[in-house]
């Protein structure tokens, strides 16, 4: 029961961050947030298509996914960057302020 309480507290703290809360406006949003967060802090070469294909829960259509990515980018929550390994691959990264806020919760 204690672990469940800890997870619930951590999830509530994450939702208090506006940008994380925005992710959660979609059924697959929290899963997407965790993927982009992990890719951002590890600087992995995981592209938009890889991210879409990795979604396991409440997966949407590709056009709806791209629209949501565009919305998150327009809101300044994420940004796109080019892969250093494969020139035509586009990577998704969280903005620095969000990473800093989330790291405070995870640490």
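Values in this text are rule-based calculations from the coordinates and carry no lab data. Just so we're clear, the structure is a prediction, and the values are computed from it rather than from any experiment. Cβ coordinates were reconstructed from backbone atoms using ideal geometry, including for glycine residues, and neighbour counts include every protein chain displayed.
Looking across the stretch 22-76 at every residue that is part of a loop (DSSP other than H, G, I, E, B) and in contact with a strand residue (DSSP E or B) (Cβ under 9 Å, 6 or more places away or on another chain), the one that is nearest to residue 101 (Cα to Cα) is identified as 43.
Against the conditions (1) touching a helix residue (DSSP H, G or I) at 6+ places or on another chain (Cβ under 7 Å); (2) more than 27 Å from residue 7 (Cα to Cα); (3) assigned to a helix (DSSP H, G or I), residue 79 satisfies every one except (3).
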